[in-house]
Amino acid sequence: MTSARTRVPDARALGAAQLWIGTSWKMNKGLAESRGYARELAEYVAAKPPAGVQPFIIPSFTALTTVRDALGDDSPVLLGVQNAHWEDHGAWTGEVSVAQAKDAGAQIVEIGHSERREHFGETVETTRLKVAAALQHGLVPLLCIGESAETKQAGESSRFILEQAAGALEGLTDEHLARVLIAYEPIWAIGENGRPATVEELRQPFDDLAREYGCRTMGLLYGGSVNTDNAEDLLGIDHVTGLFIGRAAWQLPGYVRILEMAAAHPKAKA
């Protein structure tokens with residue numbers, strides 16, 4: 001019998017108005033803190049289901065099963081991992097395969113975050129392999145793309161991110177693309193020292209992404225210094241169908257507030 005915790009949402013059933021609101025905890029939170037967050041989140045969404053919104057959280061690997069159990073099999077909150085290897089098994093010391101992540105309860109695989117590209121040698125080719133592996137095992141690939149400040153200043157943002165996306169999604173059928181999430185996270189806008197992007201700065205990248213992938217993928221998310229002050233404006237940008245949040249959602253009240261803002265947004269009600 002397939003557990004609800006190993007199933008992923010049917011792309012055809014989500015609808016164009018669905019908003020994805022998720023957070024990655026990066027290398028933060030021990031087991032007790034992770035369990036407490038997940039339990040409180042499970043209680044919140046059970047009492048106040050965020051209509052029109054798909055919540056997801058991505059803890060560290062050590063907390064994956066703890067968070068899975070705290071959420072419960074029937075929780076509408078999807079569970080992800082921050083990375084996974086493309087091979088199912090083998091001599092890959094220190095790695096975790098997509099198959100293992102799924103067995104532990106993951107439904108989403110975050111792929112290609114700029115920190116992994118910078119510090120761990122992630123390339124366009126490895127993102128392609130990981131996207132294919134996630135799809136093979138029925139998980140949702142969350143492909144992260146984004147350019148540096150230097151690339152932005154050179155006026156090459158759209159070209160750069162479209163090439164990153166095209167390389168990672170090369171060879172996929174329309175059926176496969178319909179199961180992919182893309183998160184645009186400009187490097188200059190993320191992290192503790194990131195500068196929040198303005199709405200105007202994001203219009204062109206999302207117009208270009210939408211032209212290539214808007215009607216073909218499960219969603220186009222924005223991530224980069226998202227917080228309760230700018231979330232509503234970011235959701236209002238054409239073609240943005242969700243937010244991928246960092247530190248503003250590491251404490252549950254911040255995440256819940258943005259969930260509520262998304263549920264109240266016209267895009268969730270359309």
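Listing for the model above:
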{"item": "Residue tally, condition more than 21 Å from the chain's Cα centre (by Cα) and surrounded by 17 or more Cβ atoms within 10 Å (Cβ to Cβ), over region 153-173", "result": "0"}
{"item": "Tally, over region 242-270, of residues that are touching a helix residue (DSSP H, G or I) at 6+ places or on another chain (Cβ under 7 Å) and not in a helix (DSSP H, G or I)", "result": "3"}
{"item": "Number of positions in region 39-56 that are part of a strand (DSSP E or B) and touching a residue at least 60 places away in the same chain (Cβ under 8 Å)", "result": "3"}
{"item": "Test set (1) farther than 19 Å from TRP20 by Cα; (2) touching a strand residue (DSSP E or B) at 6+ places or on another chain (Cβ under 8 Å); (3) β-branched (Val, Ile, Thr) - THR62 fails condition number", "result": "(2)"}
{"item": "Among (1) touching a helix residue (DSSP H, G or I) at 6+ places or on another chain (Cβ under 6 Å); (2) part of a helix (DSSP H, G or I); (3) closer than 11 Å to ILE182 by Cα; (4) not charged (D, E, K, R), the one test that TYR213 misses", "result": "(1)"}
{"item": "Top-ranked residue of region 117-152 - restricted to ones that are closer than 24 Å to GLU192 by Cβ and of a type in the set (Lys, Arg), ranked as nearest to the chain's Cα centre (by Cα)", "result": "ARG117"}
{"item": "Selection count where residues are within 14 Å of the chain's Cα centre (by Cα) and either surrounded by fewer than 18 Cβ atoms within 10 Å (Cβ to Cβ) or in a helix (DSSP H, G or I) (or both), scope region 65-116", "result": "1"}
{"item": "Odd one out for THR23 among (1) among the hydroxyl-bearing types (Ser, Thr, Tyr); (2) in contact (Cβ under 8 Å) with a residue 40 or more places away in the chain; (3) in a helix (DSSP H, G or I)", "result": "(3)"}
{"item": "Among the candidates GLY121, GLY146, GLY155, residue that is without any contact (Cβ under 8 Å) to a residue 12 or more places away in the chain, closer than 25 Å to GLN204 by Cβ and not hydrophobic (A, V, I, L, M, F, W, C)", "result": "GLY155"}
{"item": "Inter-residue pairs, beta-carbon under 7 Å, first in contact (Cβ under 8 Å) with a residue 60 or more places away in the chain and in region 190-214, second assigned to a helix (DSSP H, G or I) and surrounded by 14 or more Cβ atoms within 10 Å (Cβ to Cβ), 6+ apart", "result": "ILE190/SER114"}
{"item": "Residue within region 176-195 that is modelled with pLDDT of 95 or more, acidic (Asp, Glu), buried (at least 22 other Cβ atoms within 10 Å of the Cβ) and touching a Pro at 6+ places or on another chain (Cβ under 9 Å) present", "result": "no"}
{"item": "Some residue of region 224-233 being of a type in the set (Ser, Thr, Tyr) and either touching a Leu at 6+ places or on another chain (Cβ under 9 Å) or part of a helix (DSSP H, G or I) (or both)", "result": "no"}
{"item": "Residue identified as at pLDDT 95 or above, more than 23 Å from GLY254 (Cβ to Cβ) and out of contact with any Pro (no Cβ under 8 Å at 6 or more places or on another chain) among ALA11, ALA84, ALA47", "result": "ALA84"}
{"item": "Yes/no for ALA166 being touching an Asp or Glu at 6+ places or on another chain (Cβ under 8 Å) and over 19 Å from ALA249 (Cα atoms)", "result": "yes"}
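Here's the yes/no breakdown for (1) in contact with an Asp or Glu (Cβ under 8 Å, 6 or more places away or on another chain); (2) surrounded by 23 or more Cβ atoms within 10 Å (Cβ to Cβ):
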| site | (1), (2) |
| --- | --- |
| ASP207 | yes, no |
| GLY219 | no, yes |
| ASN230 | no, no |
| PHE244 | yes, yes |
| GLY254 | no, no |
| ALA264 | no, no |
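The values are calculated or read from the model by the stated rules, or taken from the named source; none is laboratory data. All values derive from a computational prediction rather than experimental measurement. Note: ideal-geometry Cβ built from the backbone for every residue, glycine included; neighbour counts use all protein chains shown.
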